[in-house]
Every structure is written in C-alpha cells, then in structure tokens.
Amino acid sequence: MVDGIGPSCQWLPSGPWKTVLDFLKDKFPDVDTATWAGRMARGQVVDETGLCLNCGSTYRAGACIFYYRELSSERRIPFAEIVLYEDENILVADKPHFLPVVPAGRFLHETLLVRLRKQGKPEGLVPIHRIDRETAGVVLFSRNPKTRGHYTSLFRRRKVEKVYEALAPRVSGLSFPVRRFSRIVAGKPFFRMKEVEGESNSETYIDMLAPSVTPAEQLGWSVKFCSITLYKLVPITGKKHQLRLHLAALGIPIVNDKLYPNMTYSEEDDFSKPLKLLAKSICFQDPLTGRECYFESSRSL
C-alpha cells in the first residue's frame with residue numbers, strides 16, 4: 001500500500017514490444033512517457049518477483065507487472081463517510097452521495113475504501129458489496145481475509161436484506177406495493193443499462209412510505225409532477241442500476257437521476273443535486289455468531 005492505495009497489475013501478453021515501457025505506452029496512450037519514467041524512477045513499477053523495472057527493462061511475455069496509478073488532479077468530494085460499526089471481521093460504513101466505493105477511472109484518493117485505509121483501517125479491508133457512486137448509504141466491508149468467504153456467501157445465497165429509500169414522483173394510476181420484474185442488460189454508453197424483452201433476471205419490491213412529501217417545483221423538478229413521494233425499495237436481485245431502471249420504467253424516475261429514463265450525464269458533479277436514492281439499511285444473520293445484525297444509515301433524503 002502507498003498512501004492507502006494498492007497496486008494495479010497487468011499480465012504481459014505476447015507481442016512485438018522490446019521493452020516494458022514500449023508496452024505501457026501502447027497499452028495506456030493517455031499516460032505520457034515522462035509519467036511512466038517517473039514512476040519507474042521512484043520504484044513504483046515492479047515485476048512478479050519484486051524487481052523494480054526501468055525504462056530499459058526487457059519485455060517478457062507472461063510476466064506480471066505491478067504499478068501505482070496517479071491522477072494529475074482529483075476533485076475533493078466535500079462530504080464525509082461515517083463508520084457505523086466495526087469488529088475483527090467486518091466494518092459497516094455510511095457512504096455519502098458522490099463518493100465511489102473503490103478506485104476507478106477519475107477517482108483514486110476520493111473513494112470510500114482509500115479514505116478508510118487512510119484512517120488506519122487494515123490494508124486488507126475490502127467491500128463485500130458495492131453501491132453506485134451517486135447513491136448514499138450503508139456499505140459492508142470485510143476486515144479479515146480468513147473469514148471473508150463466510151460473509152460473501154450471504155450475498156450469493158441472497159441471505160441479506162437490503163432496503164433502499166428513494167424520492168420520486170407520485171403519479172395517478174399506480175397502486176402500491178408492486179413488484180417489478182424485467183430483463184436488464186448492458187446498454188449504450190457502456191455505463192448505462194437497459195430493459196429488454198426476454199426472461200426476467202431482476203426483481204424489486206416497491207412500496208410508498210409516505211404520501212405527498214414536497215411539491216416538485218421546490219426540488220427544481222418538472223411541474224408536470226405535482227408532488228414527490230418517499231418510496232421503499234427492496235432489491236431481490238442485484239443488477240447494476242436495477243432500482244433506477246425499475247422506477248423509471250414505472251414512470252416515476254428518481255429525483256436528480258441523470259441516466260434514466262433520459263441521459264443528461266456530465267462528469268462535472270453538481271453537489272447541490274444528489275441522486276435521491278439511499279441504501280437505508282442492511283440486515284443479515286452473522287454467519288460466525290448467529291447474531292441478527294441490522295445496520296441503518298443515519299442519512300435521510
């Protein structure tokens with residue numbers, strides 16, 4: 001670990017490259033030669049034996065190299081995470097909107113995992129499940145590699161109940177509770193999903209928690225929706241963007257959703273308009289102690 005960040009790894013395929021640097025320049029064209037040379041000079045590019053590589057290191061197909069990502073700039077996300085619970089096996093965090101769970105793309109230090117590691121949490125800390133960057137709420141982490149499999153198996157066997165809350169329009173013609181079934185597949189662009197015809201692979205239980213909460217215009221929303229309502233969402237399956245897709249398909253898209261039903265996505269975040277979706281609680285029986293565990297976010301929409 002370097003400043004809370006673990007290395008990325010890359011297996012070297014067969015190819016025409018003479019040096020490792022030649023391969024890296026082709027593989028990552030957005031990273032200039034000077035950046036790779038600087039990482040190598042600092043000992044931040046090594047092979048599977050721990051040997052530090054330099055600009056003249058010979059390319060060796062089948063080798064595995066490790067390197068540390070760097071970002072020229074990274075915007076600070078001005079919201080704080082909260083640790084709700086921690087023991088020798090698990091950690092439960094309450095994530096704010098806009099903060100990714102793990103490093104990816106343009107996010108590295110400003111991620112929940114790296115922030116927790118910088119607070120002194122163990123290097124082996126890993127999330128057992130994830131929620132979208134735009135979504136706030138409860139995230140479960142494993143602290144102990146020896147017991148991690150016991151907790152990940154709960155999710156595979158659907159022994160974990162996750163409850164979400166969302167603010168979305170109230171429209172006539174819909175009665176609750178309702179179960180939404182659909183087939184969800186990858187869409188375009190790559191980060192967007194879509195519903196298609198075919199056998200269902202997703203299911204969500206949806207209920208209305210409150211009648212009219214606030215006039216839509218007070219949230220800066222279209223006046224065609226007379227009011228915004230608080231909904232309870234229980235995902236039975238865990239497809240990417242499942243909750244956002246299912247509510248949009250019912251004609252009640254989540255407030256401030258930039259992807260569904262229509263895409264108005266921009267990489268520039270407007271911190272004043274978070275997606276009104278919250279992973280409110282998580283409940284499961286501890287596989288080691290048999291204790292019923294219930295953790296709830298302190299946040300509200």
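Are there any trypsin sites (Lys or Arg not before Pro) in the range 226-301 that are in a DSSP loop and have at most 13 other Cβ atoms within 10 Å? List them by number.
Filter output for the range 226-301: R291.
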Query raised in the report: Computed over the Cα atoms of the range 1-83, what is the convex hull's projected area averaged over all directions, in nm²?
Result: 7.0 nm²
Query raised in the report: Local charge sum around N144 (other residues, Cβ-Cβ under 10 Å, Lys/Arg +1, Asp/Glu -1)?
Result: +1
Report task. Give the cross-link partners of K240 among the lysines, using a straight C-alpha distance below 26 Å as the criterion and excluding same-chain residues fewer than 8 apart. Result -> K95, K159, K162, K188, K194, K232, K258, K273, K276, K280
Requested in this report: Within the range 61-160, list the GluC sites (Glu not before Pro) lying in a DSSP loop whose Cβ has at most 11 other Cβ atoms in a 10 Å radius.
Outcome: E88, E123
Requested in this report: Can you list which of the trypsin sites (Lys or Arg not before Pro) found in the range 77-158 are DSSP loop residues with at most 11 other C-beta atoms within 10 Å?
Outcome: K146, R157, R158
Query raised in the report: In debye to the nearest 20, how big a dipole does the range 1-119 give about its Cα centre with +1 on each Lys and Arg Cβ and -1 on each Asp and Glu Cβ?
Result: 380 debye
**Report entry** Of all accessible heavy-atom area on the chain, the percent that carbon and sulfur account for (1.4 Å)
**Finding:** 51 percent
Query raised in the report: Per 10 Å bin, what is the whole-percent P(r) computed from every C-alpha pair distance within the range 121-173?
Result: 19, 40, 25, 10, 5, 0
Requested in this report: Give, in whole angstrom and from largest to smallest, the semi-axes √(5λ) of the equivalent ellipsoid of the range 1-152, with λ running over the eigenvalues of the Cα gyration tensor.
Outcome: 33, 18, 13
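Name the shape class, rounded, prolate or oblate, that the alpha-carbon gyration tensor gives for the range 44-110, where a ≥ b ≥ c are the square roots of its eigenvalues, rounded holds for a/c under 1.5, and otherwise prolate holds if a/b is larger than b/c and oblate otherwise.
Cα axes put the range 44-110 in the oblate bin.
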Query raised in the report: Radius of gyration and Dmax for the chain's Cα atoms, expressed in Å?
Result: 22.2, 69
Query raised in the report: Between rounded, prolate and oblate, where does the range 257-301 land on the alpha carbon gyration tensor, with a ≥ b ≥ c its root eigenvalues, rounded for a/c under 1.5, else prolate if a/b exceeds b/c?
Result: prolate
Requested in this report: Please express the Cα-Cα pair-distance distribution P(r) of the range 77-162 as a list of whole percents, one per 5 Å bin, running from 0 to the bin with the greatest distance.
Outcome: 3, 14, 27, 26, 18, 9, 2, 0
Report summary line: Projected onto the charge dipole of the chain (unit charges on the beta-carbon of Lys, Arg, Asp and Glu, signs +1, +1, -1, -1), the Cα from G50, A166, T33 with the largest positive-side position is that of A166
Report summary line: Mean accessible area per residue over the range 231-301 (1.4 angstrom probe, all protein chains present, square angstrom) is 44 Å²
Requested in this report: Considering only P103, P13, P145, give the residue with the highest GNM mean-square fluctuation for the chain, with springs between Cα atoms whenever their separation is below 10 Å.
Outcome: P13
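About the Cα centre of the chain, what is the dipole size in debye to 20, counting +1 per Lys and Arg Cβ and -1 per Asp and Glu Cβ, all else neutral? Present the calculation step by step, with values, prior to reporting the outcome.
Values: 43 positive and 34 negative charges, 93 e Å.
Dipole size: approximately 440 debye.
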Query raised in the report: Cα centroids of the range 92-156 and the range 252-301: how far apart, whole angstrom?
Result: 14 Å
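The values are calculated or read from the model by the stated rules, or taken from the named source; none is laboratory data. Because the structure is predicted, anything quoted here is derived from the model rather than measured. Heads up, the Cβs are rebuilt from the backbone with ideal geometry, glycines too, and the neighbour counts pull from every protein chain shown. Side chains are part of the model used for accessible areas, which takes the heavy atoms of the whole protein and leaves out ligands, DNA and RNA. Shrake-Rupley method; radii C 1.70, N 1.55, O 1.52, S 1.80 Å.
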